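The values are calculated or read from the model by the stated rules, or taken from the named source; none is laboratory data. From a predicted model like this one, the values you see are computed outputs, not experimental measurements. Positions of Cβ are backbone-derived with ideal geometry, glycine not excepted, and every protein chain shown enters the neighbour counts. In case anyone asks, the SASA skips ligands and DNA or RNA and just uses the protein heavy atoms, side chains included. Shrake-Rupley method; radii C 1.70, N 1.55, O 1.52, S 1.80 Å.
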Amino acid sequence: MAKPLIVHACRVLATLGALAPLASLAHAQRRAPLLGVVRDAAGAAVAGAAVTVIEDDPDLAGVDAIDALEATTDARGRFKVDALCGVRYCAVAVGPEANGSAFVARPVYGLACGRAAELTLTIAGRTRDVAMPGLAAWGPRDGLRARFAVPDGSGHFVPLQLRDGPAIAVTALAAIGNPQLCDRDGAFLAPMFVPLAVGQTATVSPPNTIDVVVVDAEGKPVAGACVRAQREHTVEAGAWVPVRHVARDGPAITTGANGRAAVPRAGWRSPGEGGQTSLTVIATGADGRHGTSGWTCEEAFADGRVLEEHPDGVVRVTLANAVARKAAGAGVVGRTMRAFVTGLARQQREGAVASYWVRRVHDAAIGADGTFALPVVPEQTGTTTVVTPPIGGRRVLWLPGRNGALPELDLATCEPLSLRIVDGSGGPAIGANVLFVPADCDAIDLEHAPSLVPDPAGRVDVLLQRGRWTLLAADATHWGSLDLTEGANAPATLVLEPKPSARVRVVDAAGKPVAGARFEPEEFGTRHRPQPGLDAALVALGWNMFAIQVRGVTTDANGDATLLWLPCPGAQPKVSAFVDDYRRRSDAAPITAGGELVVLKLQR
């Protein structure tokens, strides 16, 4: 039987003054300069380039206002914006326009106050009107909007104009991404593909209708339910976790008296054609009941990997019988909270049962009385992670819920943590990324574990829910950790130490050094049952961090390189070397931290 997800709103406005440990939260979030330079492909400084610096936190996009800053480079190609301290940003740049053309820089990620930003204008773009006849299939132009989404820019959009013809007015930014079509309320409808060549016609994915019927637990049609077609895409995250899963919703359609709705989505074939990959239909009743369906299954966590047809070509969604309850108390009035729910989907096919994790994202508006409600969470839920907007300039970090439960979201259960992170020389570790994970973490928890950056003084300030946490901090070459236990005061300073490293040399078949060789992780190996705390965090992170760092290294003119990774219990790493897109590569060889030089010989 499904369990209702009970949420207690954060007691912020009415009780903040009464909470002595939280009295310091009244300060506004500080800003500091974020500096950078824009160059052309030859390395020369570019004056007059337009730079956009965008807050880059996929989990908060749409929950909290995105900080987007604009600047223009000076005669030496330099720019400065006053960015929020301790916040991660990405940046894009467009050079001065000449005859409708301008060079564009690819987005640069991982920026923060104290970290220098360098953008290079290497991609040719054009500002022009492009014919897009496919727009007519989406209906009257006054109900449509166009926008450019900065790649992985956490929901920051640049509005674009739709022209008669029909056509779209694109900017030089289209050279690094494609515009999107949305409705007047901003709901994503379809991707728009703009050719780089002049004179070619742009295209937009055609609309398709998904026929949906929403019923209750007894199979009776439900009128007035809100229905959306949701698909998932992945975006690059920071150095800790390679990808994150973010949901993207289409427009909301209300079911009629017969419980039916025709939901528009771009590019999706009808259920009878199969071949869907990540489409899910989500319905919410007026009373808070909730249902989710893949193309063919009524289980709560089924997704589009199940490809059989619905019997009648209609996606059927059943609302759960239980009703999500609202919590009383003061809260973050007028804001939005987000829950990332991970559940186990099971499908029986050809006599075998397949199971896999599926992620769903639910946003809940916090009402004027400080209350909010989330949909019912099924029993097979693995983890529920909650994200709320920052309070007083600090991120609030909540412990994840297990098995359908959710921790009480109450600031009385939180304490402020202010920690300074320094490098081996005692200076601020401004290049570090800081990760907070629960002591009993697993790989699923890491999908949305808060990854923060220090301010220019190397300090991280958060509100941490009391419990046992593990904090890890790392930059390219150093790392450190803390065990944060309820009731214990964390040290004021965390000093990073060198990561484990191994020296390697790549040579060709004749034994001569090979410059520019790259590496591929082959094995890592960790023990299967780590202890809670740092042990569990390092095991969960181990392979990903090892792979990310190893793949980013190339050999120098002498064929030498140093490979680094996070220490991991029981790890026995092996790597191979290659050049020319794997046409020449070495055998896999073990590497040992601090061991002798490892020589990797290319086979041909």
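The table that follows gives values for the structure above.
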read-out: Accessible area, probe 1.4 Å, largest first, for residues Ser418, Ser205; value: Ser418, Ser205
read-out: 3J(HN,Hα) from dihedral phi, the range 148-154, Karplus parametrisation 6.51/-1.76/1.60, rounded to Hz, x for glycine, proline; value: 10, 9, 4, x, 6, x, 6
read-out: Fraction of accessible area attributable to carbon and sulfur, the range 385-424 (%, probe 1.4 Å); value: 47 percent
read-out: Amide H within-cut-off set for Gly224, under 5 Å, with H built and near neighbours excluded; value: Thr255, Gly256
read-out: Ordering of 63-69, 453-459 by burial proxy (mean other Cβ atoms within 10 Å per residue, highest first); value: 453-459, 63-69
read-out: Table column - 3J(HN,Hα) (Hz), the range 219-225, Karplus curve with 6.51, -1.76, 1.60, x for Gly and Pro; value: x, 7, x, 10, 8, x, 7
read-out: Distribution of pairwise C-alpha distances over the range 421-508, 10 Å bins, in %; value: 15, 44, 29, 8, 3, 1
read-out: Ranked order, Tyr109, Tyr89 - accessible area, probe 1.4 Å, largest first; value: Tyr109, Tyr89
read-out: Linear extension gain, Glu523 paired with Ala365, 0.36 nm per residue minus alpha-carbon span; value: 52.4 nm
read-out: Protein-only accessible surface order, largest first, of Lys499, Lys80 at 1.4 Å; value: Lys80, Lys499
read-out: Förster radius 30 Å - calculated FRET efficiency between Asp581 and Glu97, Cβ distance, rounded to 0.05; value: 0.25
read-out: Gyration tensor (alpha-carbon) shape descriptor, the range 396-450, a/c threshold 1.5; value: oblate
read-out: Share of carbon and sulfur in the accessible heavy-atom surface of the range 446-604 [1.4 Å probe, %]; value: 47 percent
read-out: Percent breakdown of C-alpha pair distances by 10 Å bin, ordered from the shortest bin, for the range 490-604; value: 14, 43, 27, 12, 4, 0
read-out: Rough spin-label spacing in nm, given labels placed 7 Å along Cα→Cβ, for Ala116 and Ser418; value: 3.0 nm
read-out: For the range 131-215: accessible area per residue (Å², 1.4 Å); value: 42 Å²
read-out: Label-point separation, Ala32 to Gln603 (7 Å along Cα→Cβ), nm; value: 5.0 nm
read-out: With every protein chain in place, the range 100-171: carbon and sulfur % of accessible area (1.4 Å); value: 54 percent
read-out: Net lengthening on full extension, Arg260/Thr562 (0.36 nm per residue, minus Cα-Cα); value: 102.6 nm
read-out: Equivalent ellipsoid semi-axes - Cα gyration tensor, the range 96-165, angstrom; value: 31, 18, 8
read-out: For the range 34-82, accessible area per residue (1.4 Å probe, heavy atoms of protein chains only), Å²; value: 43 Å²
read-out: 3J(HN,Hα) from dihedral phi, the range 101-118, Karplus parametrisation 6.51/-1.76/1.60, rounded to Hz, x for glycine, proline; value: 10, 7, 8, 10, 9, 4, x, 10, 10, x, 7, 6, 4, x, 9, 6, 10, 10
read-out: Gain upon complete extension [Val553, Thr127; 0.36 nm per residue less C-alpha separation]; value: 149.6 nm
